[in-house]
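Note sheet for the following structure.
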Amino acid sequence: MARKWSRTGIFGIRTKFAALKGALAASTGLALAAASAPALAGDEILYEPAPDWVEAIDLASIERDPANGQVVQDKQVRIESGRLWEYFDNVYRINSLQEMTQVGTITAQWLPDKGDLIVHEIAILREGETIDVLAAGEEMEVLRREQLLERQILDGSLTATMSVPGLQVGDELRVRYSVTNSDQALGDEVQTQTMLWRDPNKLADFGRVLVSWEDGLPVEYRAGPDFDLATPELRDGFRRLEVTMPLPEAEEYPFDAPWSYRRPPILQLGTFDGWGEVSSVMAPYYRTEGALDGLGDLAAKIDAIRSREDGELARAVAALELVQEDIRYLMNGLDGGNYIPQTVAETWEKKYGDCKAKTLILLAILDELGIEAEPVLASIQRGALVESSLPLPGAFDHVLVRATIGGKHYYLDGTGIGANLEIVGNVPPFLYTLPIRPEGAALERIVQEVPRVPDVSIEFALDARLGGDLPMPGTITMKLLGAGAAQMNASADKLTDDAKRALGGRFASFAGGEVNVVDMRIEQGDDDSEATVVVEALFPSLVSYDGSVGEIEPQLPTGSFRFRPDRSRRKWRDLPVIVPPPRSSIGTYRFTLPETRGDFEIRGERTLDITVANQRFEREVTLSDGELVISEKQTSLGGEVAPEDIRGERRKALGLARAKLKVVVPEDMPRRWRFAEGADRGGLAGIEAMLAKMIEQQPDETGPLLRRANFRFVTYDFHGALADMNAAIEIEATAQLFQDRAFVHAELRDFERMATDLEEAWLLDPTPERAIALARTLTDLGRTDEARDILGEVDGDEGVQRSLAYALADVEALEGDGRAGLDRFAELLLDAPNDGSVLNAKCWYMGIWQVEIADAVATCTRAVENSENTAVALDSRAMIFLRNGRLEEALADAEAALDLDPDQTETLLLRGLILREMGRDEAEADIAAALARSPRIREDYRRWGFEL
């Protein structure tokens with residue numbers, strides 16, 4: 001007695017049945033279901049024997065691999081005129097309780113308006129015995145489950161489910177079933193697609209796809225890439241095409257090769273006679289004659305558009321906006337709706353529709369407005385693969401409108417949002433379309449026919465008047481057009497303060513460095529297709545200093561663009577390079593500059609218009625009235641770079657990278673240390689206010705407090721920095737915060753509290769570095785015994801051992817045994833006699849503790865010659881020259897060190913001391929400036945015997 005089960009669809013085991021027709025692309029309103037001739041269909045389950053044409057598998061002959069979870073994956077397809085029958089035989093191995101849970105619940109889905117799902121067998125195979133689950137009276141429970149409803153897709157599917165009783169670990173579960181398919185839209189034509197798998201993947205011990213069709217039926221077939229199908233054999237009046245898996249391992253291709261080389265292997269079969277027939281088969285469903293009859297309210301809206309808007313393009317955009325905003329998206333796959341759109345009247349009445357319905361109603365509106373337009377098929381998910389596909393409706397997952405206005409094509413997508421006149425000419429990234437016409441049409445590549453308009457522009461307005469090494473208050477203004485604007489406007493009222501700051505931070509990251517967001521707001525334009533995001537933030541200085549030379553090098557598309565296709569292998573040399581789809585963006589930096597005596601020097605091209613590897617770069621730079629404006633626009637032209645052009649485009653890209661735009665700032669650009677020398681801090685009030693607001697916004701977080709503490713520290717407000725550090729430690733007392741506060745205490749010359757904080761940090765997290773820092777501070781306080789005890793506990797890698805030797809040498813020098821310290825340096829230099837770092841440390845040690853200073857010049861010179869930090873090595877040698885009374889040489893080294901690094905406070909003090917010995921008037925200015933920047937070093941130099 002046959003039991004009824006289902007009709008048309010997908011039978012699965014809660015995992016992948018990837019070979020089924022609808023699984024190759026996600027539908028966005030245009031389904032990818034395989035087609036067949038009309039058939040009686042319903043919502044009942046059928047249980048029947050397999051058809052006679054099925055070639056049974058001998059399970060006993062299959063060599064099992066315990067590593068595989070599936071023994072058999074067999075798909076057999078019979079194509080007849082107007083009918084597609086797919087038979088599946090899947091055998092699963094139950095190796096664990098987890099697999100039993102996954103495999104043991106069988107689910108089946110089908111569309112009740114398209115053919116039958118017929119179950120042939122559900123059986124448990126156990127130690128040579130076959131347990132027939134169906135014969136035991138088990139039945140599937142049928143329920144409706146719209147799995148995709150959260151994606152606004154009502155596909156009309158039914159679901160049957162069964163928890164297979166009696167399964168045990170070690171069993172095999174066999175499921176055999178057939179799916180028949182028909183599609184009301186395709187008439188007698190048939191299509192099927194199956195994903196194949198390759199070595200080294202082995203998804204099953206036995207894998208096969210076997211397709212047969214009556215001899216003489218016009219079936220086209222295709223697979224690939226890198227796989228040639230055998231010629232179908234003729235057997236009993238039917239052509240037979242067999243593919244066993246895994247396929248041979250594919251040729252490796254670079255990531256930037258066209259998709260046609262890199263696509264996964266798909267077996268495609270169909271009866272369509274080219275793209276022209278695919279086009280013409282769809283054409284009857286997009287006729288608009290009489291579609292608006294009886295829709296008086298819609299007609300009134302169309303008349304309002306005609307009278308309100310001037311010109312065809314503005315009217316087309318208004319019509320698109322009407323469809324996008326008045327009709328919500330819902331894919332309706334019921335009653336043949338996978339390919340057939342619902343009527344215009346139904347769409348307008350229900351106020352919902354999928355891409356087909358929205359396309360049809362938009363076509364009717366445009367026709368009423370006298371605007372030339374036609375529907376076109378496209379693929380959102382696999383646009384790049386359409387060109388290499390067999391002509392099938394299943395190659396597409398979307399349909400939209402293409403209007404022709406002023407001889408140019410405009411793609412109007414009713415399922416989108418944010419219709420906007422400025423960017424309506426921007427083409428979508430689908431690459432190919434197929435016009436739907438009664439007479440048929442060929443596949444066409446999408447071409448950007450009007451200049452691409454950026455749908456995103458961003459401007460950074462930065463106030464650099466405080467100087468080259470201080471944060472900059474600034475504003476980011478991002479203007480959005482189209483879908484991005486509509487989404488932003490929709491979310492404006494839903495964003496929390498934290499979410500706004502996070503979003504603002506993502507926008508700010510385009511400037512580079514750590515940007516701290518203070519506020520973010522979203523401003524809607526004239527309609528929801530326009531939005532402006534304004535972010536107020538504190539930016540790091542964009543001036544980078546190399547010695548006394550400062551440069552602004554903003555992040556620009558021309559600076560970050562790279563074109564480095566790998567064509568090193570002989571087989572790759574004839575491969576084109578794919579280019580991102582057409583798109584455009586523009587970024588602008590607007591700097592407000594301080595008044596300086598010197599000039600800002602622009603290096604690089606002020607104006608630029610160059611195309612490299614199908615990427616167009618346009619630049620404009622202006623400098624006037626204290627404002628520097630740098631703007632760059634990048635437009636991807638899409639397409640491919642031909643193999644013969646790769647070498648030339650690579651050279652152009654390298655030239656573009658080398659020709660970075662830089663702005664050299666004048667030497668008298670204000671620097672932060674002026675605030676240590678008595679400059680009015682009133683100019684910092686704006687930054688202080690922004691930092692205070694950040695603290696107010698996050699009162700329980702240490703981050704904002706630490707940012708302000710750091711700002712105050714680098715601008716020499718040590719008392720203010722200490723107050724913020726105290727507040728941060730009240731919130732979270734970590735080892736790092738105690739360590740950081742210790743160095744604030746040092747600048748306030750409170751060395752006892754410094755030692756206390758360093759000890760607390762060490763106790764909380766006893767790292768070697770913290771132990772050494774604590775020991776050095778205790779040494780400076782004269783507590784050398786305690787310092788030795790702590791250093792005696794230190795162990796670590798080579799770097800730690802080196803720092804330990806330095807610290808012990810200082811202890812010994814302070815205790816009066818400077819030669820013992822020299823022995824430690826000698827031991828370090830045994831294995832690396834030219835180590836610049838150790839040589840410099842030895843030179844400095846000899847100078848500050850006056851140990852064998854007469855012989856120190858040779859050591860210091862070797863340090864200068866071998867050190868990676870020449871400025872520091874020159875500073876050390878200047879100390880030795882000063883100790884030896886060689887003042888001119890000392891001064892030369894000190895000034896050379898400051899040229900390399902003007903921010904070296906200790907070198908500035910050393911130069912002042914040298915000038916004092918020389919009797920020079922400018923000495924006291926250097927000394928005063930250095931002590932103002934770092935009060936701590938006064939104690940250091942006094943300890944080393946200098947009078948301050």
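The values are calculated or read from the model by the stated rules, or taken from the named source; none is laboratory data. From a predicted model like this one, the values you see are computed outputs, not experimental measurements. Positions of Cβ are backbone-derived with ideal geometry, glycine not excepted, and every protein chain shown enters the neighbour counts. The accessibility values were calculated without ligands, DNA or RNA, using every heavy atom of the protein model including side chains. Shrake-Rupley method; radii C 1.70, N 1.55, O 1.52, S 1.80 Å.
The table below gives the values:
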{"item": "Per-residue SASA entry for D469, accessible area with 1.4 Å probe, Å² rounded to 10", "result": "40 Å²"}
{"item": "Net lengthening on full extension, E701/E620 (0.36 nm per residue, minus Cα-Cα)", "result": "25.0 nm"}
{"item": "D668 accessible area, assembled protein chains, probe 1.4 Å, Å²", "result": "40 Å²"}
{"item": "Positive dipole terminus of the stretch 278-353, leading residue within G353, G296, V323 (C-beta point charges)", "result": "G353"}
{"item": "Inter-label distance for V629 and R647, nm, one decimal - labels placed 7 Å from Cα along Cα-to-Cβ", "result": "4.3 nm"}
{"item": "For the chain: accessible area per residue (Å², 1.4 Å)", "result": "44 Å²"}
{"item": "Angle between the chain longest axis and helix 768-780 axis [Cα atoms, degrees, rounded to 10]", "result": "20 degrees"}
{"item": "The chain - convex hull of alpha carbons, volume per residue in Å³", "result": "241 Å³"}
{"item": "Förster radius 30 Å - calculated FRET efficiency between F510 and R445 (Cβ-Cβ, nearest 0.05)", "result": "0.40"}
{"item": "Dipole axis of the chain (+1 Lys, Arg; -1 Asp, Glu on Cβ), positive-most option in G104, L684, S379", "result": "S379"}
{"item": "Accessible area of the stretch 859-936 belonging to carbon and sulfur atoms, whole % at 1.4 Å probe", "result": "42 percent"}
{"item": "Amide H within-cut-off set for R402, under 5 Å, with H built and near neighbours excluded", "result": "E374, V376, L412"}
{"item": "Expected-Rg normalisation [2.2 N^0.38 Å, Cα atoms] applied to the stretch 625-669", "result": "1.81"}
{"item": "Cα gyration tensor shape for the stretch 526-603, rounded if a/c is under 1.5, else prolate or oblate", "result": "oblate"}
{"item": "FRET E, pair D940, R521, Förster distance 56 Å, beta-carbon r, rounded to 0.05", "result": "0.70"}
{"item": "For the stretch 215-261, alpha-carbon Rg relative to the globular expectation (2.2 N^0.38 Å, N residues)", "result": "1.55"}
{"item": "Ranked order, T756, T592 - accessible area, probe 1.4 Å, largest first", "result": "T756, T592"}
{"item": "Rounded percent of accessible protein surface that carbon and sulfur make up, the stretch 645-692, 1.4 Å probe", "result": "49 percent"}
{"item": "Normalised alpha carbon radius of gyration of the stretch 790-948 [divisor 2.2 N^0.38 Å]", "result": "1.03"}
{"item": "Total charge dipole magnitude, the chain, about the Cα centre, Cβ charges on Lys, Arg, Asp, Glu only, Debye to nearest 20", "result": "1520 debye"}
{"item": "Pairs beyond 18 Å (Cα-Cα), from K633/K660; K301/K358; K301/K351; K114/K358", "result": "K114/K358"}
{"item": "The stretch 347-488 - Rg over Rh from alpha carbon coordinates, Kirkwood radius", "result": "1.14"}
{"item": "Computed Rg/Rh of the stretch 705-859, alpha carbon atoms with Kirkwood Rh", "result": "1.03"}
{"item": "Where labels lie 7 Å past Cα in the beta-carbon direction, separation of R222 and E387 in nm", "result": "1.2 nm"}
{"item": "Cysteines having no other Cys beta carbon under 4.7 Å from their own, within the chain", "result": "C355"}
{"item": "Crossing angle, helix 870-883 versus the chain [Cα axis fit, 0-90 degrees, rounded to tens]", "result": "10 degrees"}
{"item": "Convex hull volume per residue for the stretch 442-589, taking Cα atoms only, in Å³", "result": "200 Å³"}
{"item": "Rounded Å value of the spacing that divides the Cα centres of the stretch 855-872 and the stretch 482-525", "result": "51 Å"}
{"item": "Phi to ³J(HN,Hα) by Karplus 6.51 cos²θ - 1.76 cosθ + 1.60 over the stretch 279-289, Hz, x for Gly, Pro", "result": "5, 5, 4, 7, 4, x, 7, 10, 6, 10, 4"}
{"item": "Ranking by accessible area, most exposed first, for D855, D519, D810, D228 with a 1.4 Å probe", "result": "D228, D855, D519, D810"}
{"item": "Dipole in debye (nearest 20) - the stretch 440-531, about Cα centre, beta carbon charges: Lys, Arg +1; Asp, Glu -1", "result": "260 debye"}
{"item": "Listed residues G799, T596, P265: farthest to the positive end of the dipole of the chain (Cβ charges)", "result": "P265"}
{"item": "Accessible area of S837 in the full protein assembly, 1.4 Å probe (Å², nearest 10)", "result": "60 Å²"}
{"item": "Unit charges on C-beta of K, R, D, E only; dipole of the stretch 369-508, Debye", "result": "140 debye"}
{"item": "Three principal axis lengths of the stretch 264-353 [C-alpha, angstrom, descending]", "result": "52, 30, 29"}
{"item": "Nonlocal amide H pairs with Y87, under 5 Å, H built at 1.01 Å", "result": "Q76, V77, R78, V179"}
{"item": "Percent RCO, i.e. relative contact order, over the stretch 764-894, from Cα pairs under 8 Å lying at least 6 residues apart", "result": "16 percent"}
{"item": "Shape of the stretch 517-670, Cα gyration tensor, a/c cut at 1.5", "result": "oblate"}
{"item": "Chain lengthening between V714 and A499 when straightened (0.36 nm per residue, less Cα-Cα)", "result": "74.4 nm"}
{"item": "Percentage relative contact order, the stretch 337-491, counting C-alpha pairs under 8 Å, at least six apart", "result": "18 percent"}
{"item": "On Cα atoms only, tilt of 905-917 relative to the major axis of the chain in degrees", "result": "20 degrees"}
{"item": "Alpha-carbon Rg/Rh ratio, for the stretch 363-420, with Rh computed the Kirkwood way", "result": "1.03"}
{"item": "Extent along principal axes [Cα atoms of the stretch 406-526; Å; largest to smallest]", "result": "69, 33, 24"}
